[in-house]
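Notes to accompany the following structure.
Rule-based calculations on the coordinates, nothing more; no lab input. Predicted model only: the values in this text are computed from it and were never measured. Here Cβ is always computed from backbone atoms with ideal geometry, including for glycine, and neighbour counts include all displayed protein chains.
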Amino acid sequence: MTDLTGKFFWYELMTSDPQAALAFYGDVVGWSAQAFEGGDHSYHVISGSAGPLGGIMAIPAEAGACGMSPWWGGYIGSADVDADVKRLSAAGARVQRAPEDIPGVGRFAVMGDPGGATFLLLNGSSSEGMDAASPMAKGHVGWHELYSGDFDADLAFYISQFGWGKGDAMDMGEMGSYQLFSLSGGTDFNSMSGGMMKKPAEMPQPLWLFYFVVGDIDAAVDKVKAGGGTVLNGPMEVPGGAWIIQATDPQGAMFALVGMRSS
C-alpha cells in the first residue's frame, strides 16, 4: 500500500450539473462511475483503469450561494488533519473550512496555500480504493500543475511542508520559470509529477490544474468539442513525447488532458 501522506490522491469535481459532467467525462476520459455506497447517493465515485480516483458532486447550496463556480479540487493525504491544519497555518496557509468528519469517509479540511490556491486535506477512515495509480494509467492524473499566486512562497511551502522533491526549473521567458516537483520527494527527472508557475494575468485566480490521462489526445480533443467543452490551449507536445491540452467542461470547470498521438 502506497503511503499517501503529503501526496495528492483524490480528485473531486463540484459542478452545477453532475449528470451532465458524468456523461461528458465518461466519454472524454473513459471513466466509469457509481453512486457512493456510504450513504450520499448523490456523490458519484469515478474510476480509471487502476480503480477509483475521485468523485463528482453538485456544488453545495451554501457554496453556491457564495458564488462558487464549477471547480476541480485535489485532496492531499494527511495522517492527522487537525495537526496538519495547525502546522500548515503556521507556515502561511489559510483555513478555508475547518476540520470536520465525513461519515463513512474520514476527516477533511479545506486550505489555501500562501498564494491563494485551494487544496484539501483528507485522513480516510479506510484505505480501500485509495492507493496511488502508476504514472500515466489511463483515466488517472498524470500531472499536477499549480498556477501560483505567490511563486516563491508557494514553492517553499509545498517543499518544506509536504516533503515534495524540487526538480529542474524551465525558463519560459516573460512567463517566468516552470518549476518541476515530485510528490514522492525525488529530484531526478523521471520522478517528477508536476510543475508550478506564476499565475498568468488572464487567469482570474490561483488554482491547481489536474491532467487526466487519455489514450489518444486528438480523439480526446474531438470528444471535448463534441461534448460542449472548450479547448483553451493545445494540443502541445511536452518533454517525453506526450501531448497536452487545457480545457473547460460544459459547466465551466477547468481541467487538462495528457496523452499520446497515434500518428
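If the elastic network links every pair of Cα atoms under 10 Å, which of Gly215, Gly228, Gly195 fluctuates the most in the Gaussian network model of the chain?
Maximum fluctuation in the GNM of the chain, among the listed residues, is at Gly228.
Given H placed on each backbone N at 1.01 Å, which residues far from Met170 in sequence or on other chains put an amide H within less than 5 Å of it?
Tyr178, Gln179, Leu180
Under a Cβ-Cβ cut-off of 14 Å, what is the net charge of the residues other than Trp72 that fall near it, where Lys and Arg count +1 and Asp and Glu count -1?
-3
Convex hull over the alpha-carbon atoms of the chain: what's its volume per residue in Å³?
Output value, Cα hull per residue: 123 Å³.
Using the beta-carbon distance between Ala98 and Thr2 and R0 = 22 Å, what value does 1/(1 + (r/R0)^6) give for FRET efficiency, to the nearest 0.05?
Numbers: r = 28 Å, r/R0 = 1.27.
Efficiency at R0 = 22 Å is approximately 0.20.
Using a Cα-Cα cut-off of under 23 Å, which lysines could be cross-linked to Lys7, ignoring same-chain neighbours fewer than 8 residues away?
Excluding near neighbours in sequence, the set is Lys86, Lys138, Lys166, Lys198, Lys199.
Any idea what the relative contact order of the range 1-211 is, in percent, if you count C-alpha pairs under 8 Å spaced at least 6 apart? Show your work: numbers first, answer last.
Values: 452 pairs, mean separation 40.9, N = 211.
19 percent.
Would you report the distance distribution of C-alpha pairs in the range 65-201 as whole percents per 5 angstrom bin, up to the bin with the largest distance?
In order of increasing distance, the bins hold 2, 9, 16, 21, 21, 18, 9, 3, 1, 0 percent.
I'd like the distance between the alpha-carbon centres of the range 220-260 and the range 1-36, rounded to an integer number of Å.
16
Taking every DSSP beta bridge with both residues inside the chain, roughly what % is antiparallel (nearest 5)? Mind dumping the intermediate values first?
Working: 53 of 71 bridges.
If we restrict to bridges inside the chain, about 75 percent are antiparallel.
As an exercise, identify the GluC sites (Glu not before Pro) in the range 127-201 lying in DSSP coil whose Cβ has no more than 12 other Cβ atoms within 10 Å.
Taking the range 127-201 and a limit of 12 other Cβ atoms within 10 Å, the loop GluC sites (Glu not before Pro) found are Glu128.
Under 20 Å from a label point 7 Å along Cα→Cβ of Ser191: give me every residue in the range 1-30 with its amide N that close.
Output list for this probe position: 1-9.
List the residues whose amide H sits under 5 Å from the amide H of Ser78, counting only those 5 or more places along or on another chain, with H placed 1.01 Å from N in the peptide plane.
Long-range HN contacts for Ser78: Gly6, Leu122, Asn123, Gly124.
Exactly which GluC sites (Glu not before Pro) in the range 1-88 are in a DSSP loop and have at most 16 other Cβ atoms within 10 Å? Could the numbers behind the result be given before it?
Numbers: sites: Glu12, Glu37, Glu62; in loops: Glu37.
Listed in order of number, the matching sites are Glu37.
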